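The values are calculated or read from the model by the stated rules, or taken from the named source; none is laboratory data. In this text, all values refer to a predicted model and were calculated from it rather than measured experimentally. Cβ: placed from backbone, ideal geometry, glycine included. Neighbour counts: every protein chain shown.
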There are 2 protein chains.
Amino acid sequence: MASTLNGISLWEERAQDKRRRILSQVPSEFIHQELTHSLEDVSSVQDIPSKYLSPTELATKIYSAVEVLNAFTHRAAIAHRLLHCCLDVPYHASLVRAKELDEYLEKTGNTIGPLHGLPISVKDQCRLIGTETTCGSIYPLGNPDTDDAVVVKILKDAGAVIFAKTSLSIGCMWGETVNNILGRACNPFNRTFSCGGSSGGEGALIGFHASPLGISSDLGGSVRSPSAYQGLCGLRPTSGRIPYYRMLNSMEGQQTILSVAGPMATTAEAVELFTKIVVDTRPWMLDPITSGRKLRIGVLEWDDICLPQPPIRNALKIVAKALKAAGHELVPWKLDTNRAVELVLRVMCEVGRATYGVGLRSRWRPNTLLESWDLSMECLDFRASVLKQWHETARDGLPEMDAFLAPVNPAVAPRHGDYSKVRYFAYTASVNIPRLPRLTIPVGFVDPKMDLADETSLTKDAEGNPLPPPTCERDETIRRKFDPETYKGNAGDATGGGEKI
Amino acid sequence: MASTLNGISLWEERAQDKRRRILSQVPSEFIHQELTHSLEDVSSVQDIPSKYLSPTELATKIYSAVEVLNAFTHRAAIAHRLLHCCLDVPYHASLVRAKELDEYLEKTGNTIGPLHGLPISVKDQCRLIGTETTCGSIYPLGNPDTDDAVVVKILKDAGAVIFAKTSLSIGCMWGETVNNILGRACNPFNRTFSCGGSSGGEGALIGFHASPLGISSDLGGSVRSPSAYQGLCGLRPTSGRIPYYRMLNSMEGQQTILSVAGPMATTAEAVELFTKIVVDTRPWMLDPITSGRKLRIGVLEWDDICLPQPPIRNALKIVAKALKAAGHELVPWKLDTNRAVELVLRVMCEVGRATYGVGLRSRWRPNTLLESWDLSMECLDFRASVLKQWHETARDGLPEMDAFLAPVNPAVAPRHGDYSKVRYFAYTASVNIPRLPRLTIPVGFVDPKMDLADETSLTKDAEGNPLPPPTCERDETIRRKFDPETYKGNAGDATGGGEKI
């Protein structure tokens, strides 16, 4: 039983426990007790694996996913014994996946994707279901991930087996690989040399040929230094090019200098392969719309909070009907506009000086920088939830929706003085946090003959169709404010088509 | 003489002075005193211009740039009298430019670009040389811009004439167009209606057909609401798609929810035209490198602070020689690495907790949020300066450089314990702020026969070629630390090719 302080194991014991667990899943025949770590031995350890690996493991021919996994796991176990470069070798899950892949190929004759059966290592910043992601710190120990980082998910979907997680400097903040879990990682060419950082574990493992490809990250040189120190190819892509979502880091929410995920490998071809595969999944959800193709268009009729006034509902119907007549498919669509508005207001007010009428907040103390970074992360999560929702529109073999239609505002252009009464910017603001593009298109002008007022009960429209009852005072005010005669000729009924362009 | 408080004119007088100046450059025959502003008149003002414009101004045939400018300026003057929608009509500069364009066409038979002679209006957030950019506030009055916003520059280069700057809500923070300079702007369809905001001046001017195309911005709906209220097409593009640099805003440096520039117009074709023209200028500096084409490669031999050790200098020479032999052109290149490192350290330490060895800063008070936003703006300026420098490599009819070569670090992989002595991450960090991609490529291993130590004086290399004297203690330490025998077989000499991919 570990000694505890207020129920929390002391950090040294938690680190020791983690060290014991790193290779615990690896088959015992892959563990060679006589191999030990050293910070003083200058001789290269590159030839050591050949003494342990079987001819099958060393030869170059076609192998099963399980054989390839075993070969790399064996080599990674040797690497870890010598270099202290791994923080996790999740062999059980890898083996299950490799077997699945072999069976799939056996049964269908097809591979599951372009990385079918390829073992890939990831810096211990990449969340991987069932493993602890430490980012070099003790505190995450004991809390296995329940989600994959997006880049990990993309690699898994392409058929890769994430077989090892590698050591790094604490919080990715230092150019050598030293942390309180493992101590210091070494360079396989000469163990008195640094393997670099912050992604030194990746550098050492790949430099030792114990992983064919690794995913790392770079804010100030973390892909490039370890690549240089082990003679590898490493790409720091343009910021944002490779998905970073659900990678653990220090300084989360800091937006000024962006950390970016990138590959490391022994060859430029492997770096190119990774980059091409990830970019081809269109992680930013770009889908150039081919002219003439039938589109799937989401329709956000209302956000369950403020019902658009009759001319705006009519405009939406006109556009939807025209799209349908042109052969496109319409699908229902909603956005959590309430959450979007809350986030926008919190950002707008966060220095406590943005008082241009946005005084909906009682607390005017400026955010601290850490609170601001936390808010950034909340916005990022909202962005991810919208993308997820968008992806989920792909159903029954049909692709995800191409764009969505929504009102710009629930009210037509207000009379001067009325704006604060009908002000409701949730329909517009909800695409600003996800950074989606949006095109406003005019549909027509208020026509008192067409755009009739709802019944004064507000529970039926002019034709007697039922309406949802008002949800709040703002909703009721917006509905009551519409009057066909006052607003005739008003163009405020344009609808916006949010497109993925 | 305006009354002053501590030498500063009172805001009401400064606003009044600005109002007097708005149409001061416009030819007097375009000013119709009988046209006045109203917040109560419900009748549309859309037919008023036809009473004032000459048949030439109204007809549709081919006109000179000067004729087109005059027609739109006349109409904009009428719009402003009726709607209070303009903050500047810089007629003198527009006329000079329009004449230049006419002469160029006359002389060469060619247009200057796809927008040759087209008058374009911009929200008064867009800096335009010689005008005051207010963003709806009094304080910038009296300080004319000395630079154009990047989007303005792109439009000018394409032949456009920026002929009007339009009113907006204070700091772009409200959905109606009201500020202390002009008061309230109106909707041309019915002046008792709001023209929306924050870009309501654009909405009113374009809705009045007094501008064919306008540039606006959108953080929470500012392009879309005015578009909806005046029945226009308006595009809020994906964040970052259209250059935003040198647009004035409130909350500058705030990175969580990004304001984005976008076009407004009466037709979707105009919106598309603008977007295509801007994107085709590759504002993000992307230039897919065509295989087989001769490239221009920058070479950053050293940063004038820390000279790379001999094997790294040799590796750079090997790569440069190979590129030259393959027919590519090499050009010298430098980066202000000192400034880059300063910025990276300030960001890394800004919450005062990033103490993982980065303790180079004496002040550990966390930044306030405003200080952090200011730091963001400094990083943005650095990014702009690197892009500018990159563009300036285009000379004597040759295109700008395609990529650049630089060392990853000045030192090879250090022995354990030496890292803090040779630590110098300026070569890597300097591309992280500009968010450029960078590929690390291996060149070889330290070879004691090739990679000879410099003379102990450090003023000559092993072959007697002069070296710059050490610039600082760090530089000297890095140079002295290299020893061919200790570091033989070290791979830390890889060089990085920073590519525009």
Across the range A:89-148, which residue is modelled with the lowest pLDDT among those that are of a type in the set (Ser, Thr, Tyr), in a loop (DSSP other than H, G, I, E, B) and farther than 21 Å from residue A:280 by Cβ? A:139
Of those in the range A:369-383 that are more than 7 Å from every other protein chain (Cβ to nearest Cβ) and of a type outside the set (A, V, I, L, M, F, W, C), the residue farthest from the chain's Cα centre (by Cα) is A:371
Taking the condition of being part of a helix (DSSP H, G or I) and more than 7 Å from chain A (Cβ to nearest Cβ), how many residues in the range B:204-249 meet it? 5
So, in the range B:243-259, of the ones that are of a type in the set (Ser, Thr, Tyr) and in contact with a strand residue (DSSP E or B) (Cβ under 8 Å, 6 or more places away or on another chain), which residue ends up surrounded by the fewest Cβ atoms within 10 Å (Cβ to Cβ)? B:244
Total residues in the range A:187-212, condition touching a Ser or Thr at 6+ places or on another chain (Cβ under 9 Å), over 28 Å from residue A:160 (Cα atoms) and either of a type in the set (S, T, N, Q) or free of Cβ contacts under 8 Å to residues at least 60 places away in the same chain (or both): 3
Can you tell me which residue is nearest to the other protein chains (Cβ to nearest Cβ) among those in the range B:171-186 that are surrounded by 24 or more Cβ atoms within 10 Å (Cβ to Cβ), closer than 16 Å to residue A:415 by Cβ and touching a residue at least 60 places away in the same chain (Cβ under 8 Å)? B:186
Of all the residues that make up the range B:5-22, how many are surrounded by 13 or more Cβ atoms within 10 Å (Cβ to Cβ) and either modelled with pLDDT of 90 or more or not in a strand (DSSP E or B) (or both)? 11
So which residues in the range B:150-165 are assigned to a loop (DSSP other than H, G, I, E, B) and surrounded by fewer than 24 Cβ atoms within 10 Å (Cβ to Cβ), if there are any at all? B:158, B:159
Residue check: is residue A:39 buried (at least 20 other Cβ atoms within 10 Å of the Cβ) and more than 29 Å from the chain's Cα centre (by Cα)? no
Quick one: how many residues across the range B:437-452 are surrounded by fewer than 17 Cβ atoms within 10 Å (Cβ to Cβ) and aliphatic (A, V, I, L, M)? 2
Does the range A:218-231 contain any residue that is closer than 21 Å to residue A:165 by Cβ, surrounded by fewer than 24 Cβ atoms within 10 Å (Cβ to Cβ) and not polar (S, T, N, Q)? no
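Here's the yes/no breakdown for (1) free of Cβ contacts under 8 Å to residues at least 24 places away in the same chain; (2) in contact with a helix residue (DSSP H, G or I) (Cβ under 6 Å, 6 or more places away or on another chain); (3) not assigned by TED's automatic domain parsing to the domain that holds residue A:219:
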site	(1), (2), (3)
A:34	yes, no, no
A:38	no, no, no
A:87	no, no, no
A:98	no, yes, no
For the range A:433-440, check the following and say yes or no: at least one residue is at the interface with chain B (Cβ under 9 Å from one of its Cβ atoms), in contact with a Lys or Arg (Cβ under 7 Å, 6 or more places away or on another chain), assigned to a strand (DSSP E or B) and in contact (Cβ under 8 Å) with a residue 12 or more places away in the chain. yes
Near pairs, Cβ below 7 angstrom, 6+ apart or cross-chain, from the range B:295-309 (assigned by TED's automatic domain parsing to the domain that holds residue B:330) to any residue that is of a type in the set (S, T, N, Q) and surrounded by 21 or more Cβ atoms within 10 Å (Cβ to Cβ): B:303/B:337; B:305/B:337
Subset of the range B:415-430, residues more than 7 Å from every other protein chain (Cβ to nearest Cβ), assigned to a helix (DSSP H, G or I) and of a type outside the set (Gly, Ala, Ser), comes to B:421, B:422, B:427
Might you let me know whether the range A:384-407 holds any residue that is within 13 Å of another protein chain (Cβ to nearest Cβ), among the β-branched types (Val, Ile, Thr) and in a helix (DSSP H, G or I)? no
Of the residues in the range B:187-203 that are assigned to a loop (DSSP other than H, G, I, E, B) and more than 7 Å from chain A (Cβ to nearest Cβ), the one that is farthest from residue B:125 (Cα to Cα) is B:188
For the range A:460-469, indicate whether the set of residues that are crowded, with 16+ Cβ neighbours inside 10 Å, in a loop (DSSP other than H, G, I, E, B) and more than 11 Å from every other protein chain (Cβ to nearest Cβ) is non-empty. yes
Answer yes or no: is there a residue in the range B:66-82 that is part of a loop (DSSP other than H, G, I, E, B) and under 22 Å from residue B:188 (Cβ atoms). no
